[in-house]
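*Asks:* Before we start, here is the structure in question, set down as structure tokens.
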Amino acid sequence: MYSFLEVSYDTIHVKLVSFWKWGVSVKDHLKLVSIEDINEEQIRDFYDDWKAHGERITPSGLRSYPDDFESFQRELALEDSGEGLKPGRVRNGTYFLLRGNSEIVGATNIRYDLTEDLEATGGHVGYGVKPSVRGRGYATYILRKALGILKQEGVERALVAVNSDNLPSEKVIKNNGGKQAESVTEPWGNIVDRYWIDLN
């Protein structure tokens, strides 16, 4: 269970958030935002954290380091609009989780439709939390917000896929109502567990 109370006055803004179910602290002041709401320094700090821990960034759509930040912004905005998509691509939105309105702690890529490949092993949502801040409930929070966006887009049932050896992510999916479906074994032997989440 969670609660949210926001009260606004001319000069006072009080915000109380209780996310004890996910382990997120009220002090974190979390907000999921689009690429237009972050700057180049924030995104580079986010990438540097993954690099410092020797990990590839997740979601996978962000693995190309943005040498040209303005082009990076335009590319993500076009993907979200669905204009000029490359063959095999679907309209998708990338969002970043801000902590304290300054630090990016995680990101998610939301696919508003599924191709055959996405239905097999990709799913509607990919998400990741940078290594230095894991274990604080951010992943569960990101996925919950992503599911809310899918629901607003008219998606009634969301598919989330995860490698079978990623037990923390499986827990995140189950915490968001995931019901396991048939797993898929990729040609190189990797097993992908698939979960459907009812958004109605």
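*Asks:* Residue by residue through the stretch 59-74, note down the ones that are buried (at least 17 other Cβ atoms within 10 Å of the Cβ), of a type outside the set (A, V, I, L, M, F, W, C) and more than 18 Å from A139 (Cβ to Cβ).
*Replies:* Hits for the stretch 59-74 are P66, Q73.
*Asks:* Just checking, which of R157, R111 is surrounded by 15 or more Cβ atoms within 10 Å (Cβ to Cβ) and not aromatic (F, W, Y)?
*Replies:* On the way: R157 fails: surrounded by 15 or more Cβ atoms within 10 Å (Cβ to Cβ).
Unique residue meeting the criteria: R111.
*Asks:* Right, something else. What pairs come out if I take residues in the stretch 117-129 that are surrounded by 19 or more Cβ atoms within 10 Å (Cβ to Cβ) and pair them with residues that are polar (S, T, N, Q) and modelled with pLDDT of 95 or more whose C-beta lies under 6 Å away, six or more apart or interchain?
*Replies:* Close Cβ pairs (under 6 Å, with a partner that is polar (S, T, N, Q) and modelled with pLDDT of 95 or more) amount to G126/N109; Y127/T108.
*Asks:* A further question follows. Take the stretch 113-152 and flag every residue that is under 14 Å from G61 (Cβ atoms) and in contact with a His (Cβ under 9 Å, 6 or more places away or on another chain).
*Replies:* Hits for the stretch 113-152 are L118, A146.
*Asks:* Quick one: which residue in R56, R89 is under 29 Å from R194 (Cβ atoms), modelled with pLDDT of 90 or more, out of contact with any His (no Cβ under 6 Å at 6 or more places or on another chain) and loosely packed, with under 12 Cβ neighbours inside 10 Å? Steps first, answer last, please.
*Replies:* Working: R89 fails: loosely packed, with under 12 Cβ neighbours inside 10 Å.
Within the list R56, R89, the selection yields R56.
*Asks:* Here is a follow-up. Looking for something in contact with a Gly (Cβ under 7 Å, 6 or more places away or on another chain), over 30 Å from N39 (Cβ atoms) and among the aliphatic types (A, V, I, L, M) - is there at least one such residue anywhere in the stretch 161-168?
*Replies:* Of the stretch 161-168, the ones in contact with a Gly (Cβ under 7 Å, 6 or more places away or on another chain) are 161.
Checking which are over 30 Å from N39 (Cβ atoms) leaves us with 161.
When the remaining residues are screened for being among the aliphatic types (A, V, I, L, M), the result is 161.
Scanning the stretch 161-168 turns up at least one residue that is in contact with a Gly (Cβ under 7 Å, 6 or more places away or on another chain), over 30 Å from N39 (Cβ atoms) and among the aliphatic types (A, V, I, L, M).
*Asks:* Looking at (1) of a type in the set (S, T, Y); (2) touching a residue at least 40 places away in the same chain (Cβ under 8 Å); (3) outside any strand (DSSP E or B); (4) surrounded by fewer than 22 Cβ atoms within 10 Å (Cβ to Cβ), can you tell me which one T140 breaks?
*Replies:* Here T140 meets the rest and fails (4).
*Asks:* Can you report the number of residues in the stretch 98-122 which are in contact with a Phe, Trp or Tyr (Cβ under 8 Å, 6 or more places away or on another chain) and small (G, A, S)?
*Replies:* 2
*Asks:* Output the number of residues of the stretch 95-108 satisfying the condition of being surrounded by fewer than 20 Cβ atoms within 10 Å (Cβ to Cβ) and of a type in the set (S, T, N, Q).
*Replies:* Of the residues in the stretch 95-108, 2 are surrounded by fewer than 20 Cβ atoms within 10 Å (Cβ to Cβ) and of a type in the set (S, T, N, Q).
*Asks:* For D45, state whether it is within 29 Å of P168 (Cα to Cα), surrounded by 12 or more Cβ atoms within 10 Å (Cβ to Cβ), more than 17 Å from the chain's Cα centre (by Cα) and modelled with pLDDT of 95 or more.
*Replies:* When the stated conditions are applied, D45 passes them.
The values are calculated or read from the model by the stated rules, or taken from the named source; none is laboratory data. Just so we're clear, the structure is a prediction, and the values are computed from it rather than from any experiment. With ideal geometry, Cβ positions are generated from the backbone for all residues, glycine too; neighbour counts draw on all protein chains shown.
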